[in-house]
Amino acid sequence: MTTLCIMLQHSIAQPQFSRRALRFCRQALQQGHRIECVFFYRQAVDHAAQSDDADTRAVQQQWQQFARQHDVALVACHTVAERLNIGEFAEGFEDSGLTALVQAMANADRTLQF
């Protein structure tokens, strides 16, 4: 069993990257792997932003459901969130710094970026 750290870097406005990462996460868990966390970095921090946009909410809900179902932390970089003026995070997303990413990477056997 491999422990994975997943890092997303693409905006939720490009949902194909998010869906690809989510599909990978589901398949990895089905194959018996463990996911330490999903870290949203750079433009991907917008996944955690409160939104009224239906497309954005649909992608967020998929991540929220995945996190609840598999007890996986959804972590967004708070430094980037501050730069993007994201004040309130959607339910299920937590804010933390790069220290959390480094710790997750240290606990994981592999880190994958999407």
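Here are some notes:
- Which listed residue, of GLN64, GLN9, GLN43, GLN69, is more than 20 Å from ALA100 (Cα to Cα) and polar (S, T, N, Q): GLN69
- The test for being under 22 Å from GLN103 (Cα atoms), basic (Lys, Arg) and either crowded, with 18+ Cβ neighbours inside 10 Å or at pLDDT 95 or above (or both) does not hold for ARG19.
- Of all the residues in segment 22-51, those that are assigned to a loop (DSSP other than H, G, I, E, B) and either surrounded by 15 or more Cβ atoms within 10 Å (Cβ to Cβ) or modelled with pLDDT of 95 or more (or both) number 5.
- Number of positions in segment 20-43 that are of a type in the set (S, T, N, Q) and within 11 Å of HIS70 (Cβ to Cβ): 1
- Considering segment 73-104, and only residues there that are β-branched (Val, Ile, Thr) and buried (at least 19 other Cβ atoms within 10 Å of the Cβ), the residue that is farthest from PHE39 (Cα to Cα) turns out to be ILE86.
- Residue count for segment 87-101 under the criterion of being in a strand (DSSP E or B) and not polar (S, T, N, Q): the result is 4.
- Residue in segment 52-70 that is within 25 Å of ARG83 (Cβ to Cβ), assigned to a loop (DSSP other than H, G, I, E, B) and not polar (S, T, N, Q) present: yes
The values are calculated or read from the model by the stated rules, or taken from the named source; none is laboratory data. This is a predicted model, so every value here is computed, not measured. All Cβ positions, glycine included, derive from the backbone under ideal geometry; neighbour counts span all protein chains shown.
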